[in-house]
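First the structure, in the form of structure tokens, and then the observations on it.
Readers should treat all values here as calculations from the given coordinates under stated rules, not as data from a laboratory. Predicted model only: the values in this text are computed from it and were never measured. In this analysis, Cβ positions are derived from the backbone assuming ideal geometry, glycine residues included, and neighbour counts consider all displayed protein chains.
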Amino acid sequence: GENVEQHPSTLSVQEGDSAVIKCTYSDSASNYFPWYKQELGKRPQLIIDIRSNVGEKKDQRIAVTLNKTAKHFSLHITETQPEDSAVYFCAALNNNAGNMLTFGGGTRLMVKP
Amino acid sequence: NAGVTQTPKFQVLKTGQSMTLQCAQDMNHNSMYWYRQDPGMGLRLIYYSASEGTTDKGEVPNGYNVSRLNKREFSLRLESAAPSQTSVYFCASSQREGMNTGELFFGEGSRLTVL
């Protein structure tokens, strides 16, 4: 089955700096890569996703890049703000093999004012 | 619009007791899921139901059973609770269109402690 590794497990940045979270996956057939944000005590919510037919996707201050050859993808947050503080999860799925979305272990991002 | 609703929010059990976590969604989604969340281990899929009438095992199904009661409801049962099942459980739903799995919408979570 799919295995997703996520690094770092914790990340502390100053407000205004950029943050990068990296994930690797094992199943070369995976073709869908979402990122979820979970604020303290809340439910995870989708913030951005990318499919295997593109290499990069942006949405305001967040962007995701995908390298299918190396089987890794990354989340980039620019101009970080205190409200970006949360746990971020990457995930991978082979859409042709059903609905089993496999999550990474999560990254706790702390943005210091 | 309630989205995904799961009950109870908190539960304490003794080893060997049984319980059922209930989940309902009002978005007319075809797929539903049960995940458990443990520190440092992300979200691990227990069981999922791609459509009404079907259920499949995920990564960590041992010790659990599920029922897709109808399109709206998907329950998770612990027949004989063990301390290793202490966790936060999330129900989620999504609309799968053809070969594309859509966004997962999560419930608020159920915190279960097994003593």
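Things to note:
- Here the Kirkwood formula, the inverse mean of 1/r across different C-alpha pairs, assigns chain A a hydrodynamic radius of 14.1 Å.
- For residues of A:99-112, the mean tally of beta carbons on other chains within 10 Å: 5
- Each of A:75, B:115, B:69 has some number of other Cβ atoms within 10 Å of its Cβ, and from fewest to most they run B:115, B:69, A:75.
- Among the residues of B:40-46, the average count of other protein chain beta-carbon atoms within 10 Å of the residue beta-carbon is 6.
- Cα-derived Rg to Rh of chain B, Kirkwood definition: 0.95
- Taking every C-alpha pair closer than 8 Å and separated by at least 6 residues, the mean separation divided by the residue count of the range A:36-80 gives a relative contact order of 24 percent.
- Trypsin sites (Lys or Arg not before Pro) lying in DSSP loop within the range A:11-69, provided at most 15 other Cβ fall within 10 Å: A:42, A:61, A:68
- For the range A:10-88 versus the range B:1-42, the inter-centroid distance based on Cα atoms is 25 Å.
- Across A:22/A:71; B:9/B:57; A:22/B:57; A:68/B:57, pairs whose alpha-carbon gap is larger than 21 Å: B:9/B:57; A:22/B:57; A:68/B:57
- In loop segments of the range A:53-89 as defined by DSSP, the GluC sites (Glu not before Pro) with at most 16 further C-beta atoms inside 10 Å of their C-beta are A:79.
- Computed about the Cα centre, the dipole magnitude for chain A is approximately 140 debye when only Lys and Arg (+1) and Asp and Glu (-1) carry charge, each at its Cβ.
- Choice from B:103, B:73, B:52 with maximal GNM fluctuation in chain B (Cα, 10 Å cutoff): B:103
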